[in-house]
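Novice: Dumping the structure here so I can ask a few things about it.
Laboratory data are not the source of any read-out in this text; all were calculated from the coordinates shown. Predicted model only: the values in this text are computed from it and were never measured. Neighbour counts run over all protein chains shown; Cβ positions are idealised from the backbone, glycine included.
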Amino acid sequence: MMAFPESWLAVTLAKSAGCPAYPAYVPDVPLPFVAFRREGTERERYLEGSAAVPLATFDVNVYAAGYLEAKTIADRLRLGVDNFAGLGEGCIITDTRVTAEADGDPEFNQGEDSPAAYVVNMTVEIRFREDT
């Protein structure tokens with residue numbers, strides 16, 4: 001059975017953040033939570049074929065009721081995800097990096113002046129082995 005880095009990322013994000021982590025689609029859930037989606041996967045090409053260690057890039061977004069809460073969760077995610085290498089949820093991960101972090105635009109409910117959620121955007125890169 002094929003193993004994907006998304007499986008490791010979902011488990012690690014939820015464990016590190018201490019709140020649910022959702023891939024791609026987020027159901028109507030209370031704050032805080034983490035959402036992530038794969039931006040792309042690069043596969044280097046060689047004369048002999050493609051490399052067996054592609055690089056997957058993920059957008060990771062933290063949503064929380066307060067600015068400092070969102071920043072604290074993002075920091076826990078960085079500590080839990082950055083520089084991991086090993087077997088994760090059946091996937092052989094050779095390297096992980098948190099390559100960017102920035103404050104996102106606050107989310108507002110329609111007709112309200114106060115933010116409903118503060119957002120921190122992160123970029124995570126995972127190099128992993130795949131069956132060839």
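Novice: How would you rank 7, 114, going from fewest to most other Cβ atoms within 10 Å of each one's own Cβ?
Specialist: Least crowded to most crowded, the residues run 114, 7.
Novice: Given a cut-off of 18 Å, what percent of all Cα-Cα pairs of the chain lie beyond it?
Specialist: 54
Novice: 222 nm [θ] for the chain, helices only, -39500 (n - 2.57) per DSSP H run of 4+, per residue, to 500?
Specialist: The helix contribution divided over the chain gives -7000 deg cm²/dmol.
Novice: Give, in nm to one decimal, the length gained when the segment between residue 29 and residue 83 is fully stretched (0.36 nm per residue of separation minus the Cα-Cα distance).
Specialist: Going from the current span to full extension adds 16.4 nm.
Novice: Considering only the other residues whose Cβ falls under 12 Å of the Cβ of residue 89, what net charge follows from Lys and Arg at +1 and Asp and Glu at -1?
Specialist: Overall, the nearby charge balance is 0.
Novice: Using the basic label-point model (7 angstrom from Cα toward the beta carbon), what is the residue 2 to residue 103 distance in nanometres?
Specialist: 4.1
Novice: Quick one: putting +1 on the C-beta of Lys and Arg, -1 on the C-beta of Asp and Glu, what dipole do you get for region 1-86 around its Cα centre, in Debye to the nearest 20?
Specialist: It comes to approximately 120 debye.
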